[in-house]
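The values are calculated or read from the model by the stated rules, or taken from the named source; none is laboratory data. Please read these numbers as outputs of a predicted model, since none were measured by experiment. Please note: Cβ atoms are built from the backbone with ideal geometry, for glycine as well, and neighbour counts cover all protein chains shown. What goes into the accessible areas is simple: the full protein's heavy atoms, side chains included, and nothing from ligands, DNA or RNA. Shrake-Rupley method; radii C 1.70, N 1.55, O 1.52, S 1.80 Å.
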Amino acid sequence: MTANNNKISQTPDQDLVQLSGYSIYQYPLKVRFSRLHVNNHIYKIRDTNYGATPSGLDAMTVKDLQTGNISIIYAGTDPNQPADIGTDAGLVLSSGTPQQFKDAEAYYNNMKATYGHVDFVAGNSLGGGLANYVAVRNNVHSVTLDPSILPANVVEPSVNSAAAKRMTNYFGGYDPLTLGEVAGGYGGRIPGAKINVAFGISWLTFLTNNHTGYVGGTDPSTPQENIPVGVQGTPSAGRIEFMADHQIVTDIWTGEPLTAETVGKGQRIKIDTGSMEKLSSGLSNPILSGIRQADGYLNHSVQTVESEGARLDDRQVSLQNQFNQLLYSTQGIGPFLLAFDELKKINPRLSAILEDIYWISSLPLAEKILETISAGLEKITMPLIGIPASIADLDLKMEDLTVRLINLRVKAISLLFHGLSQHFFDGIVDELKAHDRIVGKNMDLLTNQLSRFRDQTDQVRKIMNQADRAVARHSKTEVAFSR
C-alpha cells in the first residue's frame, strides 16, 4: 500500500501527551471561540466535564481542526479532591472497579453518541488509567503519559491482540508513579505498548513535574519549554528542555511512535513534491536540532567539570572557614575560643590561667571542693593539694584540644578532598574532552550528511516541481496547436 503523506491523517501522539500532561490541568472552559494551540495545531473544545459527578471525574473533549479527530482527555489525580484519592487507593486495596472508571466510560459513550465517533482517549496519571480502561472495553485508541494501573478485575488484552496494539503508554525516566508500579509488581496492569521517554530532572523540586511531564510557564496556556539549572554567573548555568512531548519520536509520514518493534515495518511512500518537502522539513527539525542540542549539553558538561575542578582549593578553604564558624558558634566552646583569641593578643600567660579557670569551673571537681569547704575546713586539705596537679593536667588537655581542633580544621578537612586533587578533575575533564571530540567528529559527520541529504531532497522536490510545470506547459501548447 502506498501512503499519501501530504497531510497528517491522525492526531499526533505528541499533541495528545501535551493535552494530557498540561492542557487538561488548566481546566479550560467550553466557550464560543475556545481553542487550544498545541505544537502549531489547533484544537477546539467541544465539551467539558469538571466536577459533574460525585466520583470526581474531570474530562474534556476536543476536536483536532487539522485531522477532524475527536479526542477525550481525562484529568489525573487532584490532590485536593478526596474522591480522586479514594479512587487511587481503590486500585490497590480493592478488587472491584472504582466508580470513576465507570463514569469515564459513560462519558465516552455520551461523547460518541453526540459526535458520532471518538478517535482517541488520553490522560496522565489516574487519567491515563481511565483512558486505558475505556480503550480495553471499547474500540478506541488510547495514548497515556505515566498512567495509573487498571482495576484488578479488568481482563487485560494479550500482548499481541488488536486491543493492546491500540494502546500506547509513555513512561518518563524520573516518574515516581510508574517506577513504583513496576517495582511493586503492578506493571502487568498497564496494557499496551510501554515506551520510555527521556525527560525530567532528578530533583525533588520537580517531583510533580516529572510525573505530569511539564512545567507551567508565565502564560498559563503554554508550558515552559525549558528550565534554568546551575548557578548563575558560572559555567554550570544553563537551561534544560523539559517538555515530555518534545522527546517522543514518531514516524514523519504516519505519526506512529518509533520503537524497536516498528523498525522495518513501515509502508511505501508516495514520491511526490509534497513528500519531498515533508522529508526535508523532518530532517531539519527535530532530527538536526536534536543532535545539536545533545552536543551542546555535552560541551556544557565539560565546561562545568573543568570550572569546578579549578575551584577545588577555594572550596577547601571555604569549608575550613565554615568549620571555624561552627566552632565559634557552639555553646560552651564558642565563648571560650573567642575569649582565648582576644587574651592571647593581650597576655598569653593570663589567657592560659583563665582558660584553666574556665574549665575547672565546669568540672565536677570544683563543685565537690565547694561542698567540702561547706562541710568543714579540715576536710579540704587533700582536695586542695590536688588542685595544682589538676590545673597542670587541664593545661595539658587544653593544649591537646587546641592541637586537635587545628588538625581537624587543617588536616581532616583536607582528607575530605583526598583523591579529589586537581589531577583528579583534570582526569575527568580529559576523559570528557576525549569523549566530546569523538562524539563531536561523529556529530559533524552526521550533521553534514543529514544536511546534504536534506538539501538534495529539497533539490529533488524543486526539480520535480519544475518538471511538473514543464509538462503542464507542454500539454497546454499541444492543445493550442491542435486547435
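Numbers below:
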{"item": "Accessible area in square angstrom per residue, the range 106-244, 1.4 angstrom probe", "result": "43"}
{"item": "Backbone HN-Hα couplings from phi across the range 460-466 [Karplus 6.51/-1.76/1.60, Hz, Gly and Pro as x]", "result": "4, 4, 5, 5, 4, 5, 5"}
{"item": "Amide hydrogen neighbours beyond the local backbone of His141, cut-off 5 Å, H modeled", "result": "Val121"}
{"item": "Volume in Å³ per residue [convex hull over Cα atoms, computed for the range 1-124]", "result": "136"}
{"item": "Prolate/oblate/rounded call for the range 112-183, Cα gyration tensor, a/c under 1.5 rounded", "result": "prolate"}
{"item": "Rough spin-label spacing in nm, given labels placed 7 Å along Cα→Cβ, for Ser55 and Phe453", "result": "4.8"}
{"item": "Probe 1.4 Å, all protein chains present, accessible-area order of Leu65, Leu91, largest first", "result": "Leu65, Leu91"}
{"item": "With DNA, RNA and ligands ignored, accessible area of Val17 (1.4 Å probe; Å², nearest 10)", "result": "0"}
{"item": "Cα-projected label distance for Asp219 with Ala106, points at 7 Å along beta-carbon direction, nm", "result": "3.8"}
{"item": "Stretch gain in nm, segment Thr208-Ala193, where the contour uses 0.36 nm per residue and the Cα spacing is subtracted", "result": "3.0 nm"}
{"item": "Sulfur and carbon atoms: percent of accessible area, the range 208-248 [1.4 Å]", "result": "53"}
{"item": "Net charge, Tyr50 excluded, C-beta distance under 13 Å - Lys, Arg +1, Asp, Glu -1", "result": "-4"}
{"item": "Cα centre as origin, Lys/Arg/Asp/Glu Cβ charges: the range 1-110 dipole, Debye", "result": "560"}
{"item": "Accessible area (Å², 1.4 Å probe, nearest 10) - Lys63", "result": "70"}
{"item": "Linear extension gain, Asp272 paired with Leu179, 0.36 nm per residue minus alpha-carbon span", "result": "29.0 nm"}
{"item": "Normalised contact order of the range 208-256, rounded percent, pairs of Cα under 8 Å and 6 or more residues apart", "result": "28"}
{"item": "Calculated from backbone phi, Karplus (6.51, -1.76, 1.60) coupling profile of the range 126-137 in Hz, x at Gly/Pro", "result": "4, x, x, x, 4, 4, 5, 4, 5, 5, 5, 9"}
{"item": "Label-to-label distance, nm, for residues given as Ser161 and Thr234 (7 Å Cα→Cβ offset)", "result": "5.4"}
{"item": "Rounded to whole Hz, the Karplus (6.51, -1.76, 1.60) HN-Hα couplings of the range 59-74, x for glycine and proline", "result": "7, 9, 10, 10, 10, 6, 6, 7, 10, x, 5, 9, 10, 9, 10, 9"}
{"item": "Net charge, Gly192 excluded, C-beta distance under 10 Å - Lys, Arg +1, Asp, Glu -1", "result": "+2"}
{"item": "Value of relative contact order over the range 101-142, rounded to a whole percent, pairs C-alpha under 8 Å and six or more apart", "result": "38"}
{"item": "Residue order for Thr457, Thr208, Thr97 - accessible surface, 1.4 angstrom probe, largest first", "result": "Thr208, Thr97, Thr457"}
{"item": "Solvent-free Debye scattering, log10 I(q)/I(0), computed from the Cα coordinates of the range 173-218 at q = 0.16, 0.19, 0.21 Å⁻¹", "result": "-0.49, -0.65, -0.76"}
{"item": "Around Thr144: net Lys/Arg minus Asp/Glu count, Cβ-Cβ under 14 Å", "result": "-3"}
{"item": "Percentage relative contact order, the range 118-226, counting C-alpha pairs under 8 Å, at least six apart", "result": "23"}
